[in-house]
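Contents: one structure, followed by commentary.
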Amino acid sequence: MAIAQSPRLTITGDSGRANLVVSSGQELELRLSANPTTGYTWQFDLGAHAHLQLKSRHYQAIASGPAPQLGAGGIQYFVFEAVSAGTEHLQFEYRRGDTGQPTRTFELNVVVSR
C-alpha cells in the first residue's frame, strides 16, 4: 500500500518570521525576494543534526514584460524536506559574501511531527 505524501507547504517571506508545524516527509518551500545582480544572496546554516534537509535552491527573475530586464529582482526558492521529528530554527540572512552585514533577515521556526 502506498502512503500519500502530504502536500508541499509554501511560505512567502514577507513578514520576517514564520512558525510552522509539518509532518515528517512533508516538503516546504520558502520564497524570499532577492536580486543577486547586487551581489546579495540569502544565506543560512543547517545544523549537523538538522530535522530539515535542503532538497533544492534556485533563483527566478520576475519578468516585467516580454523579457526580464537586467538588474531586475526576483524570487529565491528554497525547498526543504522534513526528515525527522524535532524543532528546527533557521536564520536566513540577505548579505554580500560570507562576512558582510545582513540587510534583511528571515527566521523560520519549524516543528516536525512524526
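Among the residues of the range 31-66, which ones are farther than 19 Å from residue 84 by Cα and either in a loop (DSSP other than H, G, I, E, B) or of a type in the set (A, V, I, L, M) (or both)? First the steps, then the outcome.
Initial filter on the range 31-66 (farther than 19 Å from residue 84 by Cα): 31-44, 57-66.
32, 34, 35, 39, 44, 61, 62, 63, 64, 65, 66, listed by residue number.
Of a type outside the set (Gly, Ala, Ser), free of Cβ contacts under 8 Å to residues at least 60 places away in the same chain, exposed (fewer than 15 other Cβ atoms within 10 Å of the Cβ) and within 19 Å of residue 8 (Cα to Cα): does that describe residue 31? For residue 31, the condition - of a type outside the set (Gly, Ala, Ser), free of Cβ contacts under 8 Å to residues at least 60 places away in the same chain, exposed (fewer than 15 other Cβ atoms within 10 Å of the Cβ) and within 19 Å of residue 8 (Cα to Cα) - is not met.
Residue 57 - would you say it is of a type in the set (D, E, K, R) and at pLDDT 95 or above?
On the way: of a type in the set (D, E, K, R): yes; at pLDDT 95 or above: yes.
When the stated conditions are applied, residue 57 passes them.
If only residues of the range 80-107 that are hydroxyl-bearing (Ser, Thr, Tyr) and either more than 30 Å from residue 24 (Cβ to Cβ) or without any contact (Cβ under 8 Å) to a residue 12 or more places away in the chain (or both) are counted, the one that is surrounded by the most Cβ atoms within 10 Å (Cβ to Cβ) is 103.
The values are calculated or read from the model by the stated rules, or taken from the named source; none is laboratory data. Everything numeric in this text was worked out from a predicted model, so none of it was measured. All Cβ positions, glycine included, derive from the backbone under ideal geometry; neighbour counts span all protein chains shown.
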